[in-house]
Amino acid sequence: MNQLYVDSNIIVSLLTKDEPEQFKHISDMLESGKYQLMITAGIILETCWILKRVFEFSNPQVGHALLHLLQVENVEPEEESIILTLNIYARHENMDIADCFLSAKSKVNNIPVVTFERDFRKLGCEYYKPNQLK
């Protein structure tokens, strides 16, 4: 099976079916079983932004749609923290995807976060404000 990195426009097309012809080409490629699509964290972040801002999806809609896509046999996240990121994002309506990703990376790697962001208390990772680390 040939591995390919997938761009956000491919994922958006798969999830929104906004361009029927493009959707068919992508679906045919996936169904052929010849390719494994690798999704990077950066592409997940960009895709979340596009689906939320352009298509007006909610965080739960985005998170669940991407988690569902990652269950397709030949679609893989490049790193394990992507799954955790999307689970966190789907549970927090007003959280930024980048903060969810940072929280997931913190949990996976057991490294605390330093931030001024107060909403990190909702994300369940260890975090500090700079004034706490003097």
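The values are calculated or read from the model by the stated rules, or taken from the named source; none is laboratory data. Note that this is a predicted model, so its numbers are computed, not measured. Note that each Cβ is placed from the backbone with ideal geometry, even for glycine, and that neighbours are counted across all protein chains shown. Side chains included, ligands, DNA and RNA excluded: accessible areas come from the protein's heavy atoms. Shrake-Rupley method; radii C 1.70, N 1.55, O 1.52, S 1.80 Å.
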Checklist entry - Computed from these coordinates, which is Rg/Rh (Cα atoms, Kirkwood Rh): (i) 1.04; (ii) 1.01; (iii) 0.96? => result (i)
Checklist entry - Hey, which lysines would be in cross-link range of LYS24, C-alpha to C-alpha under 23 Å, not counting anything within fewer than 8 residues on its own chain? => result LYS34
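How large is the dipole of the chain about the Cα centre if only Lys and Arg carry +1 and Asp and Glu carry -1, each at its Cβ, rounded to the nearest 20 debye?
Details: 13 positive and 19 negative charges, 142 e Å.
Using only the charged Cβ atoms, the result is roughly 680 debye.
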Next on the checklist: Straight-line reach only, C-alpha to C-alpha below 17 angstrom: list the aspartates and glutamates that LYS17 could link to, leaving out same-chain residues fewer than 8 apart.
Outcome noted: ASP7, ASP28, GLU31, GLU56
Next on the checklist: Please compute the alpha carbon radius of gyration of the range 67-134, then divide it by the globular-protein estimate 2.2 N^0.38 Å. Two decimals is fine.
Outcome noted: 1.22
Next on the checklist: With every protein chain left in place and a probe of 1.4 Å, what is the accessible surface of ASP7, to the nearest 10 Å²?
Outcome noted: 70 Å²
